[in-house]
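Here is the structure we will look at.
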Amino acid sequence: MTVATTRDLRQQNRTKVLRTLVLSGETTRATLAADCELSAATVTNVVNELIDDGVVEEIGSVPSDGGRPIARLALRAAGAHMLGADVGERGVAVELFDLSMNRLDREFREAPASTADPAQISTALADAVAALRERHPDLESTLVGLGVGLPGVVGPGHGSAAVPTLYAQSLGWAPTSVADLVSAPGLEVFADNGANALAVAELWFGAARGASDAVVGLLGRGIGLGVVCDGRLVRGALGSAGEWGHTKLGLGNGPVCRCGARGCLEAYVGAHAILERWRATGASETGEGWRALSALVAAADAGDAAAAAVVDETLDVLATALANLVNLLNPERIVLGGWVGLRLVPARREELADRVRRLSLDRPGSQFTIELCRFEGDSVALGAALMPLQAFIDRPRVRERAAVR
């Protein structure tokens, strides 16, 4: 059995206090001690170290019951910076965040993942990251790393190599090393599936916050899912957990999915599938994105019978897929996002919840709520930036690292 050293305990306490500060925004030493279940003396020592390292600052005080005013603590926003990238359906978006997770800048490159190849995505990512760094040279010393949300499974490579690899079968890509895909000289790079990045953003700061068990759905051209169990993201044996879009609703005779199989959820409620069903009724809309889906929803809301039937069928299929998750996982919260989810669901949230409950077992069907993602279009990039932030939280103290060199 491994025995924790004094340094290990100090590092654990530092990590616990810093994470609590990130999540709370503002607090006091006494509140930190209670929230972290640490002694007042331990919290005081950790906070003083964080202040010395330029990560935390006192931002004023609140009155006490009779003694000295109580200092209010907050993160020092300029103490660290993170980059988060979303490799999405329209292109590559890279965003710059400070330690308080305020977005400071954004760079976009048009390179739709559905039509671009890995080399084009790699170039777009490198260009966007370089542009942000060139605009903010003063932040290089506090730049922690780059997190990237990718359109596929991110897991270890084949054989003995444990190099992170992207498996994007639906895009027709061969397995691609993350190191080959993402170039950011001088920065540590982190990568995960985009739906997982969305789930982490919503778990830390959004609609899934405070939930021990939740599912976070990303609905767009593709369908992804982040599964939260006991407050942690479920990843599976090698990173493939949450491929909800490729769970089957048809027995061999359903519509063909981008992955090559038939009857996948994505082939029913992905953006392309929804709009194809509408066009099959005679609709003249030719687009594939937000504008086309908005036209469908507007037509349904205006009483167009064909559009309303397509929306109704889509809600039925989505409710069936969600009911399966309710019965399998018993989530307390279902969070839906992605551009399709955020256009289709808001006005129909209660209707969708009722459909899910009718299709679920009584007990788990009475124990969930449906929420909408809080961060909308920025959610994947924010979640991606939380990967380097987590690494920063887990790092040893700055001065201890310097002493080892």
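The values are calculated or read from the model by the stated rules, or taken from the named source; none is laboratory data. For clarity, every value in this text was computed on a predicted model and none was experimentally measured. Cβ atoms come from the backbone with ideal geometry, glycine included; neighbour counts cover every protein chain shown. The accessibility values were calculated without ligands, DNA or RNA, using every heavy atom of the protein model including side chains. Shrake-Rupley method; radii C 1.70, N 1.55, O 1.52, S 1.80 Å.
Exposure check, 1.4 Å probe, all protein chains in place: PHE97 carries approximately 10 Å² of accessible surface.
Rounded to the nearest 0.05, what FRET efficiency is calculated for ARG343 and THR369 with R0 set to 30 Å and r the Cβ-Cβ distance?
E between ARG343 and THR369, to the nearest 0.05, is 0.90.
In terms of its Cα atoms, the range 170-294 spans 51, 36, 32 Å along the principal axes, sorted from long to short. Expressed as a whole percent, the accessible area of the chain that falls on carbon and sulfur atoms is 51 (1.4 Å probe). Note on ARG395 and ASP127: their simple-model spin labels are 3.1 nm apart, each label 7 Å out from Cα toward Cβ. Accessible area ranking (1.4 Å probe, heavy atoms, ligands and nucleic acids excluded), largest first, for ASP86, ASP301: ASP301, ASP86. A Förster radius of 60 Å combined with the Cβ-Cβ distance from ALA280 to ALA34 puts the calculated FRET efficiency at roughly 0.50. Per-residue extension of 0.36 nm, minus the Cα-Cα distance of ARG135 and GLU188, leaves a gain of 17.1 nm for this segment.
Placing LEU249, LEU344 in order of accessible area, with the largest value first and a 1.4 Å probe, yields LEU249, LEU344.
The Cα atoms of the chain define a convex hull whose projected area, averaged across directions, is 24.4 nm².
Determine the per residue accessible area of the chain with all protein chains present and a 1.4 angstrom probe, expressed in square angstrom.
Counting only protein heavy atoms, the per-residue value for the chain is 46 Å².
Computed over the chain with a Gaussian network model linking Cα atoms closer than 10 Å, the most mobile of GLY287, GLY226, GLY152 is GLY287. Please list, in order, the residues from the range 362-391 whose amide nitrogen is less than 20 Å from a point placed 7 Å along the Cα→Cβ vector of SER24. Under cut-off, by backbone N: 390.
Helical content of the chain, expressed as a calculated mean residue ellipticity at 222 nm, amounts to -13000 deg cm²/dmol (DSSP H runs of 4 or more residues, -39,500 (n - 2.57) each, divided by residue number, nearest 500). Please find the FRET efficiency linking GLN120 to ALA179, where r is the Cβ-Cβ separation and R0 is fixed at 25 Å, and quote it to the nearest 0.05. For R0 = 25 Å, the calculated efficiency reads 0.90. Classify the range 130-241 as rounded, prolate or oblate from the Cα gyration tensor: take a ≥ b ≥ c as the square roots of its eigenvalues, call it rounded if a/c is under 1.5, otherwise prolate when a/b beats b/c and oblate if not. In terms of gyration-tensor shape, oblate. Largest GNM mean-square fluctuation among ALA381, ALA119, ALA207, using the chain with Cα springs under 10 Å: ALA119.
Between ALA306 and VAL234, the contour length at 0.36 nm per residue exceeds the alpha carbon distance by 22.0 nm. If I fit a long axis through the Cα atoms of helix 271-280 and take the longest principal axis of the Cα atoms of the chain, what angle between them do I get, 0 to 90°, rounded to 10? The angle comes out at about 20 degrees.
The angle between the Cα long axis of helix 40-52 and the main principal axis of the chain comes to about 80°, on a 0 to 90 degree scale. Considering only beta bridges that DSSP places wholly inside the chain, some 65 percent are antiparallel.
Calculated on the Cα set of the range 10-80, radius of gyration then Dmax: 11.5, 36 Å. Taking the chain as a Gaussian network, Cα atoms linked when under 10 Å apart, which of VAL215, VAL129, VAL22 shows the biggest mean-square fluctuation? Fluctuation is largest for VAL22.
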